[in-house]
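Some notes on the structure that comes next.
The values are calculated or read from the model by the stated rules, or taken from the named source; none is laboratory data. What you are looking at is a predicted structure, and each value in this text was computed from that prediction instead of being measured. So basically every Cβ, Gly included, is an ideal-geometry build from the backbone, and we count neighbours across all protein chains shown. The area values use the complete protein model at the heavy-atom level, side chains included, leaving out ligands, DNA and RNA. Shrake-Rupley method; radii C 1.70, N 1.55, O 1.52, S 1.80 Å.
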Amino acid sequence: MRFYTFCKLIAVAIMKLLFRLVARGTEHVPAQGAVLLVANHSSLLDPPLVGGVTPRRLTFLAKAELFEIPCLGRLIRRLGARPLRREGADASALRIAQRVLQEGGALLVFPEGTRGDEGVLREAKPGAALLAMQTGAAVVPVYVHGSGRALPRGRSLPRPAKVVVTFGAPLTFPRAAGADRKAQYEEASRRMMAAIAQLKDDAVRGAGVAGARRPLQIH
């Protein structure tokens, strides 16, 4: 815990300097008990950005390839990262995520699955909904604004850009039951992305961004 706290203090100081990092709505994160944070994903910076401003220690899933990089893999594991293989369903990663929530921890996931362009939301994969409905964890939507400009896909070094992380009110989902569980997961996924889209709309409006893309419409 001391190592995590030490690294968090340093990381937040750097991110405030480089990205003028601002957090809004942190009071929506429950102080205790299982909580699943679901966020949009447009940059490799998203895990440390969200983790830095979340008032609880987070566990998050990261692509398995990162753990093969000398030093980096060991570091991010100590900071709460767990490997996720993106080829098909990763049963091991799912079990780890379930265990974190069943033990009352806080878990960060990106429902879209992989990085996209700044300001563009895509449909969610079912993993986050499955976790929420199987564990009963509170689901806190998160929108990260600006990380895709600070470090977009294809860029190796970050550049200065203002980043705002906004947390929304928690959502709850009943346990899936019956024969139509797939449809229930899909509906829960749509609700999660709709909540993130609303945060995006509020963030864009608050930042006064002209010509911004419209948020994903969930039907």
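Values for this structure:
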read-out	value
Net charge of neighbours whose Cβ lies under 12 Å from the Cβ of Cys7, counting Lys and Arg as +1 and Asp and Glu as -1	+4
Calculated P(r) tail over 13 Å for segment 24-77, as whole % of Cα pairs	66 percent
Counted charge near Lys162, where neighbours are those whose Cβ lies closer than 9 Å (Asp, Glu -1; Lys, Arg +1)	+2
Farthest toward positive dipole pole in the chain [+1 Lys/Arg, -1 Asp/Glu at C-beta], among Ala176, Cys71, Tyr143	Cys71
About the Cα centre, charge dipole magnitude for the chain (Lys/Arg +1, Asp/Glu -1 at Cβ), debye	560 debye
Net +/- balance of residues flanking Ala31 in space, Cβ distance below 14 Å, scoring K and R +1, D and E -1	+1
Centre separation in Å (Cα based) which lies between segment 163-207 and segment 1-63	19 Å
Within segment 1-43, chymotrypsin sites (Phe, Trp or Tyr not before Pro) in DSSP loop having at most 12 other beta-carbon neighbours inside 10 Å	none
Whole-number accessible area per residue in Å² for the chain, which is evaluated in the context of all protein chains at 1.4 Å	53 Å²
Top of Leu61, Leu72, Leu21 by mean-square fluctuation, Gaussian network on the chain, Cα under 10 Å	Leu72
Accessible-area composition of the chain, carbon plus sulfur, in percent [1.4 Å probe]	56 percent
Estimated 222 nm signal from helices in the chain, with DSSP H stretches of n ≥ 4 weighted -39500 (n - 2.57), rounded to 500	-12000 deg cm²/dmol
Residue among Arg149, Arg78, Arg115 with the largest mean-square fluctuation in a Gaussian network model of the chain, springs linking Cα atoms under 10 Å	Arg78
GluC sites (Glu not before Pro), loop per DSSP, at most 14 other Cβ atoms within 10 Å - longest free stretch of the chain	124-219
Relative contact order (%) - the chain, alpha-carbon pairs under 8 angstrom, separation at least six	26 percent
